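Here is the structure we will look at, set down as structure tokens.
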Amino acid sequence: MCTVVVDVPRESGRPVRVLAVRDEDRHRPWRGLGPWWPEQPGVRGVRDDRAGGAWLAIDPAARRLAVLLNREDLSQRSDAEVVSRGGIPLQSVAGTLPQDPPTRGFNLVEVDADGATVVEWDGLATRRTRLAPGTHMIAHHAPDDRGTPRIGRWLDDFRRAGIAPGDEWWGPWLDVVAASTSDPSASVLRRDAHDDVVLESLLVCVASVGPDGVDVREAVLSEPGEWDEALAARLRAGAAVGPQ
């Protein structure tokens, strides 16, 4: 299951900061940040090639970012009654997200220049939570749910680490990600089996979304699910979307 860390600023005019870790089957085809959706020419994102949707999407002109996390679906719908969740981030940045999506359950982190919202859809009902100022973690339950081992173990560490000054604001958070690998049961970087499929952390993205624009960087892990000492250098070199 994916992990997202979000910092909502306490002062107006400052950007929202995001660190997102994508967990997926290493054999499922995908593409890194790019303009993969001709029907939304201004949108960039991380594309799932099998279903054609996005894990993370950005509309720089609208100052919007959305990132998707799977969660348990409580409905009794068959596979024939649902569509891929990959359209959700694209609908979100376009401002067209339906109230009750015809998908399996998900958590969606929506970020704009003024803050962040978590949309929880369990297949039966939708819940929206506007995040208060401060640092939050989201996985496959409610925001900041300490019943999720990695949130219970590392949320306070992310909060204490804070945001570094300058362009490499994400450095202290990466240090927490690295430290988390000392505890495999609660690591931010994952390798888990679900329904006979092994899901592993494949990609780390960091993003700033604020009044001055959007900046997003990505870095692929050299070995899925394991800490990579070169990760910071690849993020430093990997600006994909700059200020608009």
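Checking the stated criteria, Leu124 turns out to be of a type in the set (A, V, I, L, M) and in a loop (DSSP other than H, G, I, E, B). Of the residues making up region 201-212, not a single one is surrounded by fewer than 17 Cβ atoms within 10 Å (Cβ to Cβ), at pLDDT 95 or above and small (Gly, Ala, Ser). Please specify each residue of region 123-149 satisfying the condition of being surrounded by 20 or more Cβ atoms within 10 Å (Cβ to Cβ) and in contact (Cβ under 8 Å) with a residue 60 or more places away in the chain. Those that are surrounded by 20 or more Cβ atoms within 10 Å (Cβ to Cβ) and in contact (Cβ under 8 Å) with a residue 60 or more places away in the chain: Leu131, Thr135, His136, Met137, Ile138, Ala139.
Reported count of residues in region 165-209, each being among the hydroxyl-bearing types (Ser, Thr, Tyr) and over 18 Å from Ala139 (Cβ atoms), is 2. So, of the residues in region 56-90 that are touching a residue at least 24 places away in the same chain (Cβ under 8 Å) and among the acidic types (Asp, Glu), which turns out to be nearest to Val216 (Cα to Cα)? Checked region 56-90; the qualifying residue nearest to Val216 (Cα to Cα) is Asp59. Restricting the search to strands (runs of 3 or more DSSP E) fully inside region 8-52 and requiring at least 3 residues that are within 25 Å of Gly166 (Cβ to Cβ) and out of contact with any Pro (no Cβ under 9 Å at 6 or more places or on another chain) gives 16-24.
Only one entry of Ala20, Ala51, Ala80 meets the criterion of being small (Gly, Ala, Ser) and modelled with pLDDT of 95 or more, and that entry is Ala20. Taking the listed residues Arg31, Arg64, the one that is within 16 Å of the chain's Cα centre (by Cα), farther than 21 Å from Ala193 by Cα, of a type outside the set (Val, Ile, Thr) and exposed (fewer than 13 other Cβ atoms within 10 Å of the Cβ) is Arg31, with no other qualifying.
When the residues of region 174-200 are filtered to those that are of a type outside the set (A, V, I, L, M) and farther than 26 Å from Arg28 by Cβ, the one that is surrounded by the fewest Cβ atoms within 10 Å (Cβ to Cβ) is Ser182. Among the residues of region 182-238, the ones that are of a type outside the set (Phe, Trp, Tyr) and under 19 Å from Glu168 (Cβ atoms) come to 30 in all. Just one of the numbered conditions (1) touching a residue at least 60 places away in the same chain (Cβ under 8 Å); (2) surrounded by fewer than 16 Cβ atoms within 10 Å (Cβ to Cβ); (3) part of a loop (DSSP other than H, G, I, E, B) is not true of Gly166: (1).
The values are calculated or read from the model by the stated rules, or taken from the named source; none is laboratory data. Quantities reported herein were computed from a predicted structural model and do not represent experimental measurements. Note that each Cβ is placed from the backbone with ideal geometry, even for glycine, and that neighbours are counted across all protein chains shown.
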